[in-house]
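Structure first, commentary second.
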Amino acid sequence: MGMALLALSACGNKNGKPAQTPKDRTVARLYGGVEAGKILYGHQDDLVYGHTWKVEDVAGDPLERSDVKAVTGEYPAVVGFDLGGIELGWEANLDGVPFDLMRRAAVTHHERGGLVTFSWHPRNPLTGGDAWDISSDAVVASVLEGGEKHQEFMEWLRRAADFLGSLKDKDGNVIPVLFRPWHEHIGSWFWWGGKLCTEQQYKDLFRLTYGYMTATRGLTDILWVYSPNSGIGPDEYMSRYPGDECVDILGIDAYQYVGGDLKEAEASFIEEVRRDLTFMNSLATEHHKLMCLSETGFEGIPDPTWWTEVLYPAIESFPIAYVLTWRNAHDKPGHFYAPWPGSADADDFRAFHAAEKTHFLTKQ
Ligand code: BMA
């Protein structure tokens with residue numbers, strides 16, 4: 001914390017090497033952070049609403065509000081957004097964030113020196129339900145080549161690509177962003193989940209998405225994040241890996257839950273995250289990839305010392321580029337994963353912010 005994101009490494013044409021692309025520079029910057037022993041902190045939807053304020057409150061403003069900044073004085077280094085709804089041409093996403101506002105927030109965060117990551121909870125193209133509609137195991141097959149929904153699905157990809165391609169900086173260049181489609185796919189709670197399609201079909205879905213975005217649409221500055229859910233081992237983790245050519249970062253989504261005793265649940269969460277990051281570290285080394293904790297959190301943060309006593313010890317000894325906690329919903333008071341002014345964990349989050357390994361964004 002307390003300093004700008006690491007300076008970009010020099011680019012250019014020295015020694016006949018090809019010039020670095022914006023993606024190369026972003027990858028280099030992430031490696032730089034890892035080598036410096038830093039973990040970037042990220043928060044979903046940080047700039048577009050928070051625990052005490054709504055999307056409408058920032059619709060026309062310079063996007064300076066942030067629960068994280070209100071508590072620590074700094075923005076998160078990484079901000080996440082979700083594309084759910086873009087596929088149908090909706091004006092706002094599944095959580096009510098207008099795509100125009102999301103675009104402005106993404107570009108603003110990039111221009112402040114931060115990193116932007118996109119997840120996607122698209123509707124179910126076969127049943128018309130939402131991403132969580134698992135009533136049919138024929139959905140992935142239906143969108144692949146030869147499937148009855150293939151043409152329609154290509155339109156969905158077109159709309160997502162149009163949005164990602166519309167994220168341009170002041171000079172008109174498309175900004176490099178992280179994209180993390182088809183996440184939490186070993187478990188079976190999304191239509192692309194483990195029991196809903198074969199390994200091959202999942203890989204084909206990922207590759208279709210990658211191929212369309214890069215080869216067809218020229219969106220070559222996207223950093224691709226592969227993020228299965230937690231609670232699995234390395235074999236399951238890799239069982240649906242679409243290939244080194246279409247993945248840049250190995251992620252995992254791991255949430256803390258509590259059923260019985262809080263301290264026991266926390267101890268097993270720490271153990272689980274350490275187990276995940278240990279095998280991912282070997283895989284990342286073997287496959288020459290970055291790694292991250294792509295989603296985490298404890299809904300409602302029932303333990304006011306969760307940040308320094310649970311999350312920090314779980315991650316501090318691993319070379320993860322970033323950790324992202326989920327959103328602070330404005331319309332569901334108990335659905336928050338980051339502090340807000342007056343939340344019980346605010347002091348502890350300030351200690352997490354001040355800790356040696358965490359890194360936030362200093363406004364330039
Ligand atoms: C889930 C919840 C939902 C939300 C979805 C997509 O984890 O936060 O309320 O709609 O993510 O953002």
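General remarks:
- In the full protein context, the chain carries 39 Å² of accessible surface per residue, based on a 1.4 Å probe and ignoring ligands, DNA and RNA.
- Annotation: average projected area of the chain is 17.7 square nanometres, based on the convex hull of Cα atoms across all directions.
- Taking label positions 7 Å along the Cα-Cβ direction at both residue 19 and residue 103, the computed distance is 2.6 nm, reported to one decimal.
- Note on region 42-345: antiparallel DSSP beta bridges, both residues inside, total approximately 10 percent of the bridges counted.
- Ordering of 152-158, 292-298 by burial proxy (mean other Cβ atoms within 10 Å per residue, highest first): 292-298, 152-158
- Placing dummy labels 7 Å off each Cα toward the beta-carbon, the span from residue 150 to residue 170 is 4.6 nm.
- The stretch between residue 268 and residue 239, if pulled fully straight at 0.36 nm per residue, gains 8.0 nm over its current Cα-Cα span.
- In a fully extended conformation the segment linking residue 331 and residue 344 would gain 2.8 nm over its present Cα-Cα distance, using 0.36 nm per residue.
- FRET efficiency for the pair residue 288 and residue 200, taken as 1/(1 + (r/R0)^6) with r the Cβ-Cβ distance and R0 = 30 Å, rounds to 0.80.
- In a DSSP loop and with at most 12 other Cβ atoms within 10 Å, the GluC sites (Glu not before Pro) in region 50-140 are 64, 91.
- Helix-only CD estimate at 222 nm, as mean residue ellipticity for the chain, using -39500 (n - 2.57) per DSSP H run (n ≥ 4): -9500 deg cm²/dmol
- Each label was represented as a point 7 Å from its Cα along the Cα-to-Cβ direction; for residue 54 and residue 275 these points are 4.4 nm apart.
- Efficiency of FRET between residue 261 and residue 216 - r from beta-carbon atoms, R0 51 angstrom, step 0.05: 0.45
- Cα-based Lys pair tally, region 42-345, threshold under 22 Å, eight or more apart or on separate chains: 7
- Taking each residue as 0.36 nm, the span from residue 162 to residue 35 lengthens on full extension beyond its C-alpha to C-alpha distance by 42.3 nm.
The values are calculated or read from the model by the stated rules, or taken from the named source; none is laboratory data. Predicted model only: the values in this text are computed from it and were never measured. For neighbour counting, all protein chains shown are included, and Cβ atoms are generated from backbone atoms with ideal geometry for every residue, glycine included. What goes into the accessible areas is simple: the full protein's heavy atoms, side chains included, and nothing from ligands, DNA or RNA. Shrake-Rupley method; radii C 1.70, N 1.55, O 1.52, S 1.80 Å.
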